[in-house]
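K.L.:
Before we start, here is the structure in question, set down as structure tokens.
The values are calculated or read from the model by the stated rules, or taken from the named source; none is laboratory data. Only a predicted model underlies this, so the values are computations on that prediction, with no experimental measurement involved. Here the Cβ is made from the backbone with ideal geometry for all residues, glycine too, and neighbour counts use every protein chain on show.
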Amino acid sequence: MITIDRLRFRYPGTPFSLDIPELHVATGERLAIVGPSGTGKTTLLKLIAGILAPAAGTIHVDGTRLETLGDADRRNFRIARIGFVFQELELLEYLTVLDNILHTYRINPVLRLDRRVRERARRLAQEVGLGDQIGRMPRELSQGERQRAAVCRALLTEPALILADEATGNLDPANKLRILELLFRATARRQTSLVAVTHDHELLPRFDRVVDFRGYHG
Amino acid sequence: MPSVIVRLALSVFLLTARGVQPARADLGTAPLRIVVSNYPLAYFAERIGGSRVQVTLPVPAGADPAFWKPDAKAVGLMQKADLIALNGAGFEKWLVHVSLPKLKQVDTAEGFHDRYIHIDNAVTHSHGPGGTHSHGGTAFTTWLDFEQAARQAETLAQAMMRKRPEFTASFSENLAALNADLKALDSDARRILGGRTDEPLLASHPVYQYLARRYGLKLESIHWEPDEMPAAAEWEALAKLLAGHPAKTMLWEAEPSAAIAARLKTLGVAAVAFEPAANRPESGDFLGVMKQNLERFGRIR
Amino acid sequence: MLNHDFYLAWRYLSFHKTRSAILIACLSLMAFLPLGLHALLDDGERQMSGRAAATPLLVGAKGSSVDLTLTALYFSEAAAPAITLAEADLVGASGWADPLPLYSRFRIKGQPLVGVTLDYFDYRRLAPARGELPALLGDCVLGHEAAAALGLEPGDSLATTPENLFDLAGVYPLKLHVTGVLAQSGSPDDQAVFVDLKTTWVIEGLGHGHDQQTPAARHQSLPFAQAAAQLQVDARLVTYTEITAANIDSFHFHGDPAGYPISAVIALPHDRRGATLLKGRYLADDGTTQIIEPAIVTHGLLHNIFRIGALFDGILVLVGATTLLALGLVFSLSLRLRRRELETIFLLGCSRATVFKLVVAELALLGLASAILSGALLLAVDHYGESWIRQFLLS
């Protein structure tokens, strides 16, 4: 699914740099990335998503060489193939739960919001236990319910790859497990790869592989 | 589709309705509506206007127009007229109590207002057909001076011509004919009445002032009604009056009762009716009534 | 996609109700104020010009021609000094014009009480929608809006009161009889309570009725006669507050009516020559009366109003520009506050162009709502503007 080769990245004007000789993620694999803050874990996810472009090296995602694509192509690739469950990607407060789940389809012209998609969204909400909440506003939900809705949003496009950044960060243990199980179940069903940045060490044994990110940055 | 047809039909209807609005009445062909306050003015208006006028005298038959008071309905009728012909000289005592358009009014006696006769010491009746009334103020039977009557007719005609200038020729012609008749009447009056200017005369009501002035009559007035036998004191007063003013003839607005006439005869006074014709006569017209008045007077010697 | 943009914009605006309402209110006012003000000024101009054009000449006391115009045409509370009925007689006697005297000194329950002759109604083309014109002394007919304000119909009564604190002794409280309600004319006549000129003189105390007269002095009171001898009246004299069929005959006036007060005379010249000759009569400086052409006076008044209007325009442009700048600042601050939202949607694949379209959609919806609100306000001005102008500008 993902092949990174001699990847180098630097934020302009800062001393920070990222240097990854190689990294592979297989199709359907669940990879956890751990390491102290500031080591570039989120930066790696953004490079994989095509949000950032490397200074050197190559990134292949699902057979596509990202660094050769222009901005628009990288964005379209991201819309079609990648789902995001980032801690800071909150639900939009002025949309209902259902509208939040559907939001990706409303803001991307390449995606078509039709009856099938709406039914899929309702089904996903039902699966994560939000079937009765789809009409509510985010402020009426608990933190765990909001994160479940974010997972539904990420899964709605049936992505080939899910990138999660501290998806369980501010949840209680029960909800952490619940979110992780949701992600694992969904990825198992469609052989979707999962790359998750996490600080929750108790969750690590559930992943297929753990990569320690110390040493990849400069 | 049906709503389009309905809308189309409605538009056609509305356009057609506008087009077939009844034509606004042509002022030039509609009769001139004149309301008058007494019969002489009605007569003048009818003579001058002919078929081009519609004259209304709102005073009920038998009532004295000088003491008639219009109610709101009668005032409303007058308001709707094209021309309101007033006698003037205080005849219309109700004028101050009603609302009438000033620009539609014509005071037919205004032209000789400097020759009104003012009554200083009038007496009030406590009886009479209309109850209490008085002849105080200004004498108002201006038309009994037939030269004044002609001037009133002239003033009225001019007002009518201002309202309907397209009929000036017709009105003028009719006025000339009326004036000729009034002039002849004036001549007759001067002939019949003028020969008796030294003769003391009596009048049952103070309504002959202008007649007396124009034709030189020595007339003293009292306040008697033709169908009401005066009290003894009034007969006594009459006798005293006759002592200083030995009249042999007494003018009455209408024939007095036989009893009154007989009693007057015992005093050597002959009663003769001289109708002022303030209201429409039962028969005849103004000219006819005045001619009859003069004839009756002429027969008394 | 367009419907998605508008859908998201609508959800955002309706979630932030207060903010949206304030923005809409600001934008609406910005659009409405200049247009509304001009609509009102146009209305005012039309009313004043129309009314003035329908009044060829006005004779009144020497002094402010504006006061005279406002008194005679708009029955304003700031009454011009009175003249006498003799001035109306002079106009009529000239043969050059027809006189319409009017007396608008009094007010009755906030409405102008205007004494006229019946010719006024013919000239102004005022006809009763219900009932009749006044017929007898003490009758009144109400303008369309006066009837609504006072809640009166034909057959009702309306009492005058001594409202003028400076003339308590001279005012004769009278119970008027409402005979009719005039059809709406869209002019200041709608506000007035009209009575016969003679009735205003009764209210003024120049005419009155009595209960009984002593027999010794009983003689018929002559209308407008020179009162050589006063009536001897009973000590138990009662001056009436209501003119009825029973007592109307007792009502009389003292003195020469030519000396009775009026506010002005509307002179209707027969032709241009007559108008010129009539105007020439008032050229002498030592006279106590003047003749004016209301159209000229109004034109001057409007000229001043338009200068104020131009000043308003300048102020409004500044205020508008300032408001736009403020709104722009509010919007850009609002976008800054939505940074997290923007990061989210960028991550979800939203392009800058789409973000721009979302913002444009919000602005479009705000603009549409403002247009609807300012349109509604303009409709209100269109509907009520005439009466507002009459009430606040012309009365």
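K.L.:
Go through (1) surrounded by fewer than 21 Cβ atoms within 10 Å (Cβ to Cβ); (2) on the phi < 0 side of the Ramachandran plot; (3) out of contact with any Asp or Glu (no Cβ under 8 Å at 6 or more places or on another chain) for A:E29 and report which single condition fails.
P.N.:
Tallying (1) surrounded by fewer than 21 Cβ atoms within 10 Å (Cβ to Cβ); (2) on the phi < 0 side of the Ramachandran plot; (3) out of contact with any Asp or Glu (no Cβ under 8 Å at 6 or more places or on another chain), A:E29 fails exactly one: (3).
K.L.:
Of all residues in the range A:138-154 being of a type in the set (G, A, S) and part of a helix (DSSP H, G or I), which is farthest from A:H103 (Cα to Cα)?
P.N.:
To start, the set of residues in the range A:138-154 that are of a type in the set (G, A, S) comprises A:142, A:144, A:149-150, A:154.
Narrowing the set further to residues that are part of a helix (DSSP H, G or I) leaves A:144, A:149-150, A:154.
On the way: A:G144: 19, A:A149: 11, A:A150: 11, A:A154: 10 Å.
Here the answer is A:G144.
K.L.:
Considering only the range A:89-110, state which residues are more than 7 Å from chain C (Cβ to nearest Cβ), surrounded by 19 or more Cβ atoms within 10 Å (Cβ to Cβ) and farther than 19 Å from A:V128 by Cα.
P.N.:
A:Y105
K.L.:
Could you go through the range C:88-98 and let me know if any residue there is part of a strand (DSSP E or B), more than 15 Å from the chain's Cα centre (by Cα) and not hydroxyl-bearing (S, T, Y). Please lay out each step first, then the result.
P.N.:
Just the residues of the range C:88-98 that are part of a strand (DSSP E or B), to begin with: C:97-98.
Now restrict to residues that are more than 15 Å from the chain's Cα centre (by Cα): C:97-98.
From what's left, not hydroxyl-bearing (S, T, Y): C:97-98.
Scanning the range C:88-98, I find at least one residue that is part of a strand (DSSP E or B), more than 15 Å from the chain's Cα centre (by Cα) and not hydroxyl-bearing (S, T, Y), so the answer is yes.
K.L.:
For the range C:321-361, give me each residue that is on the phi < 0 side of the Ramachandran plot and outside any helix (DSSP H, G or I). Steps first, answer last, please.
P.N.:
Start the filter on the range C:321-361 by keeping residues that are on the phi < 0 side of the Ramachandran plot, which leaves C:321-348, C:350-361.
Hits for the range C:321-361 are C:R338, C:L348, C:C350, C:S351.
K.L.:
Would you confirm whether or not the range C:30-45 contains a residue that is over 30 Å from C:L365 (Cα atoms) and either of a type in the set (G, A, S) or in contact with a Leu (Cβ under 7 Å, 6 or more places away or on another chain) (or both)?
P.N.:
Looking for residues that are over 30 Å from C:L365 (Cα atoms) and either of a type in the set (G, A, S) or in contact with a Leu (Cβ under 7 Å, 6 or more places away or on another chain) (or both), one finds at least one in the range C:30-45, hence yes.
K.L.:
Filter the range B:97-122 down to the residues that are touching a strand residue (DSSP E or B) at 6+ places or on another chain (Cβ under 7 Å) and facing chain C (nearest Cβ under 7 Å), then identify the one that is nearest to B:L156 (Cα to Cα).
P.N.:
B:L103
K.L.:
Could you please tell me which pairs satisfy a Cβ distance under 8 Å, a separation of 6+ or placement on different chains, a first residue in the range C:345-359 that is assigned by TED's automatic domain parsing to the domain that holds C:L8, and a second residue that is basic (K, R) and surrounded by 16 or more Cβ atoms within 10 Å (Cβ to Cβ)?
P.N.:
Sorted first by the residue in the range C:345-359, then by its partner, the pairs are C:L348/A:R153; C:G349/A:R75; C:G349/A:R78; C:S351/A:R75.
K.L.:
B:A237 passes all but one of (1) more than 16 Å from the chain's Cα centre (by Cα); (2) within 28 Å of B:P60 (Cβ to Cβ); which number fails?
P.N.:
In the conditions (1) more than 16 Å from the chain's Cα centre (by Cα); (2) within 28 Å of B:P60 (Cβ to Cβ), B:A237 misses (2) alone.
K.L.:
Filter the range C:187-208 down to the residues that are closer than 14 Å to C:I262 by Cβ, within 14 Å of chain B (Cβ to nearest Cβ) and assigned to a helix (DSSP H, G or I) and list them by number. It would help to see each step written out before you state the result.
P.N.:
Taking the range C:187-208 and keeping what is closer than 14 Å to C:I262 by Cβ, we get C:195-201, C:203-204, C:206.
If we keep only those that are within 14 Å of chain B (Cβ to nearest Cβ) as well, we get C:195-201, C:206.
Those that are closer than 14 Å to C:I262 by Cβ, within 14 Å of chain B (Cβ to nearest Cβ) and assigned to a helix (DSSP H, G or I): C:L197, C:K198, C:T199, C:T200, C:W201.
For (1) buried (at least 16 other Cβ atoms within 10 Å of the Cβ); (2) touching a residue at least 60 places away in the same chain (Cβ under 8 Å); (3) over 14 Å from the mean Cα position of the chain (by Cα); (4) within 13 Å of another protein chain (Cβ to nearest Cβ), each residue gets a yes or a no:
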site: A:G35; (1), (2), (3), (4): yes, yes, yes, no
site: A:L44; (1), (2), (3), (4): yes, yes, no, no
site: A:I51; (1), (2), (3), (4): yes, no, no, yes
site: A:R65; (1), (2), (3), (4): no, no, yes, no
site: A:R75; (1), (2), (3), (4): yes, no, yes, yes
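K.L.:
Being in a helix (DSSP H, G or I), surrounded by 16 or more Cβ atoms within 10 Å (Cβ to Cβ) and either of a type in the set (F, W, Y) or not assigned by TED's automatic domain parsing to the domain that holds C:D67 (or both): is that true of C:L378 here? Please lay out each step first, then the result.
P.N.:
Values: in a helix (DSSP H, G or I): yes; surrounded by 16 or more Cβ atoms within 10 Å (Cβ to Cβ): yes; either of a type in the set (F, W, Y) or not assigned by TED's automatic domain parsing to the domain that holds C:D67 (or both): yes.
It is true that C:L378 is in a helix (DSSP H, G or I), surrounded by 16 or more Cβ atoms within 10 Å (Cβ to Cβ) and either of a type in the set (F, W, Y) or not assigned by TED's automatic domain parsing to the domain that holds C:D67 (or both).
K.L.:
Let me ask something else. Across the range C:342-357, which residue is nearest to the other protein chains (Cβ to nearest Cβ) among those that are surrounded by fewer than 17 Cβ atoms within 10 Å (Cβ to Cβ) and charged (D, E, K, R)?
P.N.:
C:E343
K.L.:
C:S387 passes all but one of (1) within 14 Å of chain A (Cβ to nearest Cβ); (2) assigned to a helix (DSSP H, G or I); (3) farther than 13 Å from C:L27 by Cα; which number fails?
P.N.:
(1)
K.L.:
Please list, ordered by residue number, the strands (runs of 3 or more DSSP E) wholly in the range C:108-162 having 1 or more residues that are among the acidic types (D, E), away from chain B (no Cβ under 14 Å) and surrounded by 21 or more Cβ atoms within 10 Å (Cβ to Cβ). Working first, answer last.
P.N.:
Numbers: elements: C:111-116, C:128-131, C:139-142, C:157-159.
Those strands (runs of 3 or more DSSP E) do not exist here; none qualify.
K.L.:
While we're here: With the checklist (1) farther than 30 Å from C:A275 by Cα; (2) modelled with pLDDT under 95; (3) within 12 Å of another protein chain (Cβ to nearest Cβ) in hand, flag the one item C:G95 doesn't pass.
P.N.:
Going through the list (1) farther than 30 Å from C:A275 by Cα; (2) modelled with pLDDT under 95; (3) within 12 Å of another protein chain (Cβ to nearest Cβ), C:G95 breaks only (1).
K.L.:
Separate question: Within the range A:111-130, count every residue that is surrounded by 13 or more Cβ atoms within 10 Å (Cβ to Cβ) and in a loop (DSSP other than H, G, I, E, B).
P.N.:
Number satisfying all stated conditions: 5.
K.L.:
Out of all the residues in the range C:268-289, which are surrounded by 16 or more Cβ atoms within 10 Å (Cβ to Cβ) and within 12 Å of chain B (Cβ to nearest Cβ)?
P.N.:
Within the range C:268-289, C:L268 is the sole residue that qualifies.
K.L.:
Now for a different question. Quick one: which of B:P281, B:P246 is over 19 Å from B:L219 (Cα atoms) and either in contact (Cβ under 8 Å) with a residue 12 or more places away in the chain or of a type in the set (K, R) (or both)? Walk me through how you get there before you give the answer.
P.N.:
Working: B:P246 fails: over 19 Å from B:L219 (Cα atoms).
Only one candidate passes the filter, namely B:P281.
K.L.:
Next question, about the same structure. Write out, first by first residue and then by second, each pair whose Cβ atoms fall under 8 Å of each other, whose residues are 6+ apart or on separate chains, and whose first residue, in the range C:79-102, is closer than 15 Å to B:K104 by Cα while the second is among the aromatic types (F, W, Y).
P.N.:
Correct list of pairs: C:L100/C:Y120; C:L100/C:Y123.
K.L.:
Among the residues that make up the range B:226-236, is at least one of them free of Cβ contacts under 8 Å to residues at least 60 places away in the same chain and crowded, with 20+ Cβ neighbours inside 10 Å? Outline the logic, then answer.
P.N.:
Within the range B:226-236, the subset free of Cβ contacts under 8 Å to residues at least 60 places away in the same chain is B:226-227, B:229-236.
Next, only the ones that are crowded, with 20+ Cβ neighbours inside 10 Å stay: none.
No, the range B:226-236 contains no residue that is free of Cβ contacts under 8 Å to residues at least 60 places away in the same chain and crowded, with 20+ Cβ neighbours inside 10 Å.
K.L.:
If I ask for residues that are under 16 Å from the mean Cα position of the chain (by Cα), more than 10 Å from chain C (Cβ to nearest Cβ), at negative phi and assigned to a loop (DSSP other than H, G, I, E, B), which ones from the range B:75-93 would you list?
P.N.:
Result: B:N87, B:F91.
K.L.:
Still on this structure: Tell me yes or no: at least one residue of the range B:193-208 is of a type in the set (D, E, K, R), more than 30 Å from B:K265 (Cβ to Cβ), out of contact with any strand residue (DSSP E or B) (no Cβ under 7 Å at 6 or more places or on another chain) and free of Cβ contacts under 8 Å to residues at least 40 places away in the same chain. Lay out the reasoning, then the answer.
P.N.:
Keep residues of the range B:193-208 that are of a type in the set (D, E, K, R), which gives B:196, B:198-199.
Still in the list and also more than 30 Å from B:K265 (Cβ to Cβ): none.
No, that holds for no residue.
K.L.:
Would you mind finding the one in C:L33, C:L102, C:L68 that is assigned to a helix (DSSP H, G or I), out of contact with any Asp or Glu (no Cβ under 8 Å at 6 or more places or on another chain) and buried (at least 19 other Cβ atoms within 10 Å of the Cβ)?
P.N.:
Working: C:L33 fails: buried (at least 19 other Cβ atoms within 10 Å of the Cβ); C:L102 fails: assigned to a helix (DSSP H, G or I).
Exactly one of C:L33, C:L102, C:L68 is assigned to a helix (DSSP H, G or I), out of contact with any Asp or Glu (no Cβ under 8 Å at 6 or more places or on another chain) and buried (at least 19 other Cβ atoms within 10 Å of the Cβ), namely C:L68.
K.L.:
Only one residue in C:V171, C:V178 is modelled with pLDDT of 85 or more and either under 24 Å from C:S263 (Cα atoms) or within 12 Å of chain B (Cβ to nearest Cβ) (or both), so which one is that? It would help to see each step written out before you state the result.
P.N.:
Details: C:V171 fails: modelled with pLDDT of 85 or more.
When all the criteria are applied, what remains is C:V178.
K.L.:
Output the number of residues of the range B:47-74 satisfying the condition of being crowded, with 19+ Cβ neighbours inside 10 Å, of a type outside the set (A, V, I, L, M, F, W, C) and away from every other protein chain (no Cβ under 12 Å). Before you say what the answer is, go through the steps one by one.
P.N.:
Filtering the range B:47-74 for residues crowded, with 19+ Cβ neighbours inside 10 Å gives B:47-49, B:53, B:55, B:57, B:59, B:65-66, B:68, B:70, B:74.
Filter again for of a type outside the set (A, V, I, L, M, F, W, C), leaving B:47, B:49, B:65, B:70.
From the residues that got through so far, the ones that are away from every other protein chain (no Cβ under 12 Å) too are B:47, B:49, B:65.
Residues that pass the stated criteria total 3.
K.L.:
What number of residues in the range C:11-47 are over 30 Å from the mean Cα position of the chain (by Cα) and more than 14 Å from every other protein chain (Cβ to nearest Cβ)?
P.N.:
Initially, the range C:11-47 is screened for residues over 30 Å from the mean Cα position of the chain (by Cα), giving C:11-27.
If we keep only those that are more than 14 Å from every other protein chain (Cβ to nearest Cβ) too, we end up with C:21-27.
The total comes to 7.
K.L.:
To continue, here is another question. State whether the residues of the range B:265-273 include one that is of a type outside the set (V, I, T), farther than 29 Å from B:W68 by Cβ, in a loop (DSSP other than H, G, I, E, B) and not assigned by TED's automatic domain parsing to the domain that holds B:A61.
P.N.:
First, the residues of the range B:265-273 that are of a type outside the set (V, I, T): B:265, B:267-268, B:270-271, B:273.
From what is left, the residues that are farther than 29 Å from B:W68 by Cβ are B:265, B:267-268, B:270.
Among the residues that remain, those that are also in a loop (DSSP other than H, G, I, E, B) are: B:267-268.
After this cut, where a residue has to be not assigned by TED's automatic domain parsing to the domain that holds B:A61 as well, the list is B:267-268.
Scanning the range B:265-273 turns up at least one residue that is of a type outside the set (V, I, T), farther than 29 Å from B:W68 by Cβ, in a loop (DSSP other than H, G, I, E, B) and not assigned by TED's automatic domain parsing to the domain that holds B:A61.
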